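The values are calculated or read from the model by the stated rules, or taken from the named source; none is laboratory data. It should be emphasised that the depicted structure is a prediction, and the values quoted were computed from it without experimental measurement. All Cβ positions, glycine included, derive from the backbone under ideal geometry; neighbour counts span all protein chains shown.
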Amino acid sequence: MSSIHDDKIKKIEEKANEIRQDLIKSLLEAKSGHSAGPLGFIDVLSTLYFHVLKYDPKNPNWEDRDKLFVSHGHIAPAIYAVMAHAGYFPVEELMTLRKLGSRLQGHPHRESLPGLESSSGPLGQGLSQAIGAALAAKLDGKRNRIYACLSDGEHDEGQTWEAALFAAKYKLNNLTAILDRNNIQIDGYTEDVMPLDSLALKYESFGWHVLEVDGHNIGDIADACEFAKSVYEKPVMIIAHTIPGKGVDFMEFKFEWHGKPPNKEEAKASLDQLRTLGGKIKSEHE
Amino acid sequence: MINEKMHLVEDLFGEGLKAVPTRNGFGEGLVNAGKKNKNVVALCADLTDSTRISYFQKEFPARYFEVGVAEQNMAGIAAGMAVAGKVPFISSYGVFSPGRNWDQIRVSICYNNANVKIAGAHTGISVGPDGATHQALEDMAITRCLPGLVVIAPCDSIETKKATEAVAEHKGPVYMRFARENDTVFTTEETPFEIGKANLLKDGSDVAVVACGPLVYKALVAAKELEKDGISVAVLNNHTISPMDKNAVLDLAKKTNAVVTVEEHQINGGMGSAVAEILSRNYPVPVEMVGMQNSFGESGEPKELLEKYGMSVDGIKMAVKKVLERKK
Ligand SMILES: Cc1ncc(C[n+]2csc(CCOP(=O)(O)OP(=O)(O)O)c2C)c(N)n1
Ligand SMILES: [Mg+2]
């Protein structure tokens, strides 16, 4: 049985598409920043913000909120775009990305933007912080959940594995981690730079409960997050297989799009594709 | 003249003074802090006994977390707990924390403004026989440059206890460093301690010795011996390296016009450098620095090492005479 209705899935899909367009616009305006990772993770982030997480954008410090720690801070443009649509700040503010005085720093700064649970950018630090939050929640007898999003590239970092060991030791069943398995990093495909497979077996052998999902299937992501709540003895790792650059054909699967923004023409082509869902529907903006 | 307001031990230069490692004061202070505030928690990276965080573990087992040999993870977990309202103390040797996990301290802790207290044990050359790998001599340099991070080097076990309790009350990240060896206990429960406020232990008019950590006592001994040569030496216990008590340093510099800094740390980037930064911008006077002169340490007995590398009573006296020469 699915944990989410079809019409809600459809709504989230539409929202995600809108968010991808805002993301492209903000990257074009910023003239720098990351494209592939953010586009690839928007379906997961949208499912989290529009279905899974409990939060109140009007009261970002609400004590019993669920907490999301995004460890790969370079996907900040995606986090910001989703947060704007979730009501944390006006969508127009996305146009200040990376500019002097903006709350939307190039990599997330918790102190600047209410709603962010942590500052991130240097890879490998997020899971530990999420674990700290999960431990604190347990000490305080809280029933909220802690979510951590990790990239595949940061599994080259030792700290990620230190954290994996710890979470299993303390049986952090209030922690759900989601791994953005897009198979790219800066210097190439992850399996060429530093082979990571099988991440599922690795986490399993570290004492985690592992689930694998299509990171663009809203229903599957939602179901996995729901199922994770019922795993009692272990932290849960959801490996979300994602397509870097998702939604823009010339960016998809290309590690070359890890760290650059679209130029004007590329942005236009991207927006055209997104508006027409890759030609499936006619764009009204021609 | 010893400053009476500092309530130092009565027989300051007597034979019978106790000697206790400063880290013991940390262990005791942390238990007190834990009693006062149930949000105080402690984490350790497989060095529970030698950092003395074991005292806390015994008293509050449910608030103690063993992370294994994983200093980066420890810093990150503490940051997450702090943001959720806990007051985490993390402990290891200074060479590993803040040595191994500096990036995590910089971003997960400081950039997050997370209320984490970092306790670095076994700092200074007096770590001794373990050798250079284990002698933290760069820890103050890499921490005092971080925005918002308070850095403290207490001078004896009693001051360390007070500092630990004060640090638990302070809102914001702190790094504290401790020594391994038995060090003379020369302050008392009545001696004042306030973060960011240096203590003038002895007044003097010819040279100001600005010291931190257990070498403060050696500075007092040196000052007393120099009195016999007719040299009047002031001694400042400059326990807070960041933010430094600028006025205390400047007042003494204006009075003496010659400064010697004393620390168990590299002279490049340490407490002395911070003093020089203040003086050069406000009131330049000749400065001599006692500390590690840009080399790694080595194995040996603490006393031997302190003597070899000039962090001794004689070393301080020589520096005082040298700076007096330059003052002329
Ligand atoms: C500790 C650290 N080292 C290096 C970097 C530079 N860097 C930023 S993103 C990245 C690629 C990592 O791959 P992944 O996180 O999978 O990113 P993706 O390409 O999938 O967006 C690197 C090496 C960093 N941010 N942090
Ligand atoms: Mg990747």
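Structure notes:
- Search result, residues across the stretch A:55-85 that are away from ligand 1 (no atom under 16 Å from the Cβ) and assigned to a loop (DSSP other than H, G, I, E, B): A:Tyr55, A:Asp56, A:Pro57, A:Lys58, A:Asn59, A:Pro60, A:Asn61, A:Trp62, A:Glu63, A:Asp64, A:Arg65, A:Asp66
- The stretch A:179-190 residues that are near ligand 1 (Cβ under 8 Å from one of its atoms) and of a type in the set (Val, Ile, Thr), paired with ones that are at pLDDT below 95 and assigned to a strand (DSSP E or B) (beta carbon under 8 Å, 6 or more apart): none
- Set side by side, the residues A:Gly106, A:Gly37 differ, and just one is within 15 Å of ligand 1 (Cβ to nearest atom), in contact (Cβ under 8 Å) with a residue 24 or more places away in the chain and within 14 Å of chain B (Cβ to nearest Cβ), which is A:Gly106.
- Residue that is nearest to ligand 1 (Cβ to nearest atom), among those in the stretch A:122-161 that are surrounded by fewer than 23 Cβ atoms within 10 Å (Cβ to Cβ) and at the interface with another protein chain (Cβ under 8 Å from one of its Cβ atoms): A:Pro122
- Enumeration of residues in the stretch B:47-75 that are within 14 Å of chain A (Cβ to nearest Cβ), in a loop (DSSP other than H, G, I, E, B) and surrounded by fewer than 19 Cβ atoms within 10 Å (Cβ to Cβ): B:Phe60, B:Gly68, B:Val69
- All of (1) surrounded by fewer than 18 Cβ atoms within 10 Å (Cβ to Cβ); (2) out of contact with any helix residue (DSSP H, G or I) (no Cβ under 8 Å at 6 or more places or on another chain); (3) not assigned by TED's automatic domain parsing to the domain that holds B:Met292 hold for B:Pro147 with one exception: (2).
- Scanning the stretch A:241-251 for residues that are within 14 Å of ligand 2 (Cβ to nearest atom), under 17 Å from the mean Cα position of the chain (by Cα) and either part of a loop (DSSP other than H, G, I, E, B) or within 14 Å of chain B (Cβ to nearest Cβ) (or both) yields A:Thr242, A:Ile243, A:Pro244, A:Gly245, A:Lys246.
- All positions within the stretch A:173-229 that are more than 16 Å from ligand 2 (Cβ to nearest atom) and within 14 Å of chain B (Cβ to nearest Cβ): A:Asn174, A:Leu175, A:Phe206, A:Gly207
- None of B:Val127, B:Val95, B:Val116 is within 14 Å of chain A (Cβ to nearest Cβ) and within 29 Å of B:Ala211 (Cα to Cα) except B:Val116.
- Tally, over the stretch A:165-178, of residues that are of a type outside the set (D, E, K, R), away from ligand 1 (no atom under 16 Å from the Cβ) and in contact with a Gly (Cβ under 9 Å, 6 or more places away or on another chain): 4
- Residue selected from the stretch A:57-103 under the condition aromatic (Phe, Trp, Tyr) and either within 14 Å of chain B (Cβ to nearest Cβ) or surrounded by fewer than 17 Cβ atoms within 10 Å (Cβ to Cβ) (or both), by the criterion farthest from ligand 2 (Cβ to nearest atom): A:Trp62
- A:Lys202 fulfils the conditions (1) within 16 Å of ligand 1 (Cβ to nearest atom); (2) crowded, with 20+ Cβ neighbours inside 10 Å except for a single criterion, (2).
- Residue tally, condition assigned to a helix (DSSP H, G or I), of a type outside the set (Ser, Thr, Tyr) and within 28 Å of B:Asn247 (Cβ to Cβ), over the stretch B:277-312: 5
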